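Here the structure comes first, spelled out in structure tokens, and everything after it is commentary.
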Amino acid sequence: MMTEVQTPDMYLAQARACGSVQDCMSIYDKWAATYNDEVMDKAQEYVAPSIVAQVALRVSDNFAQSAILDAGCGTGLVGQALSLAGAKIIDGLDLSSAMLKIANETGVYRSLSQADLTQPVQKDDEIYDLVTCVGTFTNGHVGPDPAIREFARLTKKHGTIIVTVLEEFWEAAKFSAEVEKLVAEKLVVVVAKELIDYVKGHGDKAMLVILKKE
Ligand SMILES: C[S@@+](CC[C@H](N)C(=O)[O-])C[C@H]1O[C@@H](n2cnc3c(N)ncnc32)[C@H](O)[C@@H]1O
């Protein structure tokens, strides 16, 4: 039987077309071994992790002492960028055990756990100074509810949440409405919201949103 050869764009397209959490887990379990090389290649030029790490450094009072949750950490590209910027306490969580295995090999995470961000996160309230979520709010992956509210719950008072949302997914998945709801409940304030380069080789943009826990 012939094995179908997957090209980087095929994985990206399949990931964005995921129809279920199970489907998504199975694609990333297959993609994990080649993910880093492919997304960092010139053809995709995935710049979001380094942009978010620089923003995190800029908005944090004491970055080296900040407890950070990297939600949807994948293979650890964001953790590595945060670590390079000076972060020392980084926990990661992700749906795919194969992605987590590679994240573990980076050596930058204090802990890594498997979790589904479409469900409540099994962690205590207000334990992180900073929560990042990069590349996971995208078509076929994770929507705003309950994830953003969960990030707010996990974040300490006056802590920061930094997320990227694929531009076309921002309106389609009603992120604005969810953020406005949390603002109206005085759970968070919006510090900044801007379009940034994301998968630059594709010309993809993402909404970068910075929230502060009230
Ligand atoms: C495009 S990758 C981004 C990974 C990493 N943050 C990065 O920037 O390289 C998307 C990640 O979301 C994870 N993911 C997809 N659905 C998820 C879910 N329901 N819960 C948690 N993680 C999920 C995938 O396993 C994958 O690692």
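Every number in this text was worked out from the coordinates using simple rules, so none of it is lab data. Every value quoted in this text rests on a predicted model; they were computed, and no experiment measured them. Cβ: placed from backbone, ideal geometry, glycine included. Neighbour counts: every protein chain shown.
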Quiz item: Which whole-number percentage describes the relative contact order of the chain, with Cα contacts under 8 Å and a sequence gap of 6 or more?
Solution: 20
Quiz item: So which trypsin sites (Lys or Arg not before Pro) in the range 1-89 end up in coil per DSSP with only 16 or fewer other C-beta atoms within 10 Å?
Solution: LYS42, LYS88
Quiz item: What FRET efficiency would be calculated for the residue pair GLU180, GLN65, taking the C-beta separation as r and a Förster radius of 35 Å, to the nearest 0.05?
Solution: 0.60
Exercise. Can you tell me the 0 to 90 degree angle between the C-alpha axis of helix 21-40 and the longest principal axis of the chain, rounded to 10?
Key: 80
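Which percentage, to the nearest 5, of the DSSP beta bridges contained in the chain is antiparallel?
If I count the DSSP bridges inside the chain, around 45 percent turn out antiparallel.
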Quiz item: Once Rh for the chain is found with the Kirkwood sum over Cα pairs, what is the Stokes-Einstein diffusion coefficient at 25 °C and 0.890 mPa s, in µm²/s?
Solution: 144
Quiz item: Among the lysines, which fall within straight-line cross-link reach of LYS174, defined as a Cα-Cα distance under 25 Å, with same-chain neighbours fewer than 8 residues apart omitted?
Solution: LYS186, LYS193, LYS200, LYS205, LYS212, LYS213
Exercise. With unit charges on the beta carbon (Lys/Arg positive, Asp/Glu negative), name the residue among GLY79, ALA115, GLY159 whose Cα is farthest towards the positive pole of the charge dipole of the chain.
Key: GLY159
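Note down the magnitude of the dipole of the chain about its Cα centre, charges +1 on Lys and Arg C-beta and -1 on Asp and Glu C-beta and zero elsewhere, to the nearest 20 debye.
The calculation lands at about 580 debye.
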Quiz item: Going highest first, how would you order 114-121, 48-55 by mean Cβ packing within 10 Å?
Solution: 48-55, 114-121
Quiz item: Roughly how tilted is helix 175-184, in degrees to the nearest 10 and between 0 and 90, from the longest Cα axis of the chain?
Solution: 20
